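The values are calculated or read from the model by the stated rules, or taken from the named source; none is laboratory data. Keep in mind it's a predicted model, so treat the numbers as computed, not measured. FYI the Cβ positions are ideal-geometry reconstructions off the backbone, even for glycines, and counts take in every protein chain you see.
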Amino acid sequence: MCLTGISGQMWANRSRVPSGTPMMELRCWGGDWGLPSVHPECLVVLAYARFAGAPLKVTPIDYTWASPKGTVPLLTSAGEDISQPANILNFLRKQKYNADYVLSAKEGSDTLAYIALLEEKLLPAVLHTFWVDTDNYCSVTRPWYASRTPFPLNYYLPGRMSRDALNRILVTKGQPPLYCLTEVEAQLYKDAKECLNLISNRLGTAQYFFGSTPTSLDAFVFGFLAPLYKAHLPKVNLQQHLKQLSNLCHFCDHILSTYFVSDDAGTSAAGQEAIDANLQKLTQLVNKESNLIEKMDDNLRRSPQNRPQKLSTLKPGGGAENTLSH
C-alpha cells in the first residue's frame, strides 16, 4: 500500500467503501493496563478494526448480559448481531473493511494456519493464566471484573467466567492421556511457550508478519499477547517467557503507540466513570435493602402472630398441658 501511517491507512480503506454504510457498534469489555480492552478476543476485533479503518462505535460493557447474545465481543449493525472474532472479521471484510487485501493466496493460507495454532496452543494458556491460576485470578482477574460488574452480579459473574475458561481449556486439552488438571497445566504451558517461540521466529525483526501493513494475523497475535504482556501478575510463568522475546514485546508496543495512542486518556476516564457509576448503584441498592429490612422488622414486631408464647409443659404421664396464651 502506498499510503503510510494510520491516518493514511484508514483513509485508504474508507475510500473503497460505498457511502451509506450502516453504523457498526462493538460491545466489549473496557480497557486497563494501557490497553483499549483487557479481554483478548475483544482486543483482536478492536485491533483489526483499526488496521482496516472500520468506523466502529465502541461501547464498553460492565457485564456480558448487557449484550443481546450474552457474549462479547459483539458487533451490531443494521439490526444484525455478530459474535466471535472470526465471524466479526468476516463481516467487516464483507463491508469492504479488509486488512488482508494485500495478502497473496499463500499468505492467506499461512494466516489461517497460524491463527489456528494460536487458538489451539496459546489461548488455553492465556485463559489459564488469568482465569484458572489461583494467585492471578484472586489478585488481578476477579477484582478487575468484579469492580466493573453491578451488585450482586459481581459476586457471580467472575466465577462463572472462570468456570467457562476452565471448561474451554479441558475441551481442547483434557483428552487422553492427559486426565488430571496438573498434567493438563504442564502440557498447555509447554505448548504455549513453543508457540511463542514459533511466532517470535516468524516475526523476526519485521514490524508485522506480512509486509509493511498489519493484517488479521497481527490482530490475533496482538490480542492474545498484549494482556499477558501488560498485566501486573503475581504468577509470571508465561509472562516471563514472553518478556524474554523482545521482538514480540516491541510488536505489542508498536501497535499500541501507532493505533491506540489516542485512547489512553479516554479509556482511563471512561473506566473510572464506570467504576464510580457502579459504586453509586451499589450504595443505592444497599440503602434500599436496609430500608426494606427495617420495615420488615417493624412489621414483624407489630404482628399479633409474633407475640411471645408460653411453651407446653409436660405432665408426668407424658401428656402435655397446653398453656399457650391466646
Review point. What residue, of 116, 105, is among the hydrophobic types (A, V, I, L, M, F, W, C), within 19 Å of residue 211 (Cα to Cα) and surrounded by fewer than 15 Cβ atoms within 10 Å (Cβ to Cβ)?
Key: 105
Exercise for review: Could you list all residues from segment 230-248 that are among the charged types (D, E, K, R), assigned to a helix (DSSP H, G or I) and in contact (Cβ under 8 Å) with a residue 60 or more places away in the chain?
Suggested key: 230
Exercise for review: Name every residue in segment 147-157 that is assigned to a helix (DSSP H, G or I) and buried (at least 19 other Cβ atoms within 10 Å of the Cβ), in order of residue number.
Suggested key: 154, 157
**Study point:** Positions within segment 189-229 being surrounded by fewer than 17 Cβ atoms within 10 Å (Cβ to Cβ) and in a helix (DSSP H, G or I), in sequence order
**Key:** 190, 194, 197, 198, 201, 202
Exercise for review: Confirm whether residue 42 is at pLDDT 95 or above, out of contact with any Lys or Arg (no Cβ under 7 Å at 6 or more places or on another chain) and either surrounded by 23 or more Cβ atoms within 10 Å (Cβ to Cβ) or assigned to a strand (DSSP E or B) (or both).
Suggested key: yes
**Study point:** Residue match in segment 262-275 (condition: at pLDDT below 50, closer than 19 Å to residue 142 by Cα and either over 20 Å from the mean Cα position of the chain (by Cα) or hydrophobic (A, V, I, L, M, F, W, C) (or both))
**Key:** yes
Practice item. Could you list all residues from segment 119-146 that are among the polar types (S, T, N, Q), over 19 Å from residue 220 (Cβ atoms) and either in contact with a Pro (Cβ under 8 Å, 6 or more places away or on another chain) or surrounded by 16 or more Cβ atoms within 10 Å (Cβ to Cβ) (or both)? Key: 136, 139, 141
Review point. Is segment 64-71 home to any residue that is of a type in the set (S, T, N, Q), modelled with pLDDT under 95, surrounded by 15 or more Cβ atoms within 10 Å (Cβ to Cβ) and not in a loop (DSSP other than H, G, I, E, B)?
Key: yes
Exercise for review: Kindly provide the set of residues from segment 162-215 that are among the small types (Gly, Ala, Ser), over 21 Å from the mean Cα position of the chain (by Cα) and modelled with pLDDT of 80 or more, ordered by number.
Suggested key: 186, 200, 204, 206, 211, 212
